[in-house]
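Nothing in this text is a laboratory measurement; each read-out follows from the coordinates by a stated rule. The shown structure was predicted, so the numbers you read here are calculated from the model rather than taken from an experiment. All Cβ positions, glycine included, derive from the backbone under ideal geometry; neighbour counts span all protein chains shown.
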Amino acid sequence: MWNQRRINKYNNRRTRYNGRIYDSALEGSEAQNLNLRKKAGDIKDWEPQVLIELRPYGELWRKYRADFIVTHNDESLEIIETKGFWTEGARQKWRMLEILCDKKILPYDKLTVVKR
């Protein structure tokens with residue numbers, strides 16, 4: 001009974017791809033897609049699970065862990081977030097991220113959500 005595997009409250013299945021464990025099958029699938037895009041020369045590089053500090057007034061408000069940061073061939077940066085379900089906290093962080101990027105406080109040029 002104590003050895004039962006704990007089920008994620010959002011029913012996500014952790015997925016292993018290329019030696020790394022991703023929080024969901026959707027996230028693992030996006031990692032595979034980004035690898036293919038990099039091999040095809042569509043993007044320069046990508047990085048998973050990047051921690052971003054949200055500082056709207058110079059002081060730390062929250063920390064946000066982006067699923068992927070993509071560096072395009074023109075050196076522009078894109079945040080890709082995979083979502084099956086939005087929590088209220090995730091919505092607040094995403095909205096603050098949008099505001100900070102619009103005001104050029106953060107260096108990201110594009111924000112993308114990949115939905116299930």
Task: Packing-based exposure ordering (other Cβ within 10 Å, fewest first) of SER76, SER24 - done: SER76, SER24
TODO: Using a cut-off of 15 Å between beta-carbons, work out the net charge of the residues near LEU111 (Lys and Arg +1, Asp and Glu -1, LEU111 not included).
DONE: +2
TODO: Report, in debye and to the nearest 20, how large the dipole of the chain comes out about its Cα centre when Lys and Arg carry +1 and Asp and Glu carry -1 on their Cβ.
DONE: 680
Open item on the list: How much length would be gained if the chain were fully extended between ASP109 and SER29, taking 0.36 nm per residue of separation minus their Cα-Cα distance, in nm to one decimal?
Closed with: 26.5 nm
- [ ] Using only the Cα atoms of region 15-115, build the gyration tensor, take square roots of its eigenvalues as a ≥ b ≥ c, and label the shape rounded, prolate or oblate: rounded if a/c is under 1.5, else prolate if a/b is larger than b/c, else oblate.
- [x] oblate
- [ ] Arrange GLU53, GLU27 by Cβ neighbour counts within 10 Å, fewest through most, would you?
- [x] GLU53, GLU27
Task: Label-reachable residues, region 80-116, where backbone N falls under 19 Å from a point 7 Å from ARG13's Cα toward its Cβ - done: 82-85, 115-116
Task: Value of [θ]222 nm, deg cm²/dmol, for the chain, DSSP H segments ≥ 4, -39500 (n - 2.57) each, nearest 500 - done: -9000 deg cm²/dmol
Open item on the list: Test of understanding: what is the full-extension gain from TRP86 to LYS63, defined as 0.36 nm times their sequence separation minus their Cα-Cα distance?
Closed with: 6.6 nm
Task: 21 Å Cα-Cα threshold exceeded, pairs from LYS63/LYS83; LYS38/LYS103; LYS38/LYS110; LYS39/LYS103 - done: LYS38/LYS103; LYS39/LYS103
Open item on the list: Within a 10 angstrom radius of the beta carbon, how do VAL70, VAL114, VAL50 rank from fewest other beta carbons to most?
Closed with: VAL50, VAL114, VAL70
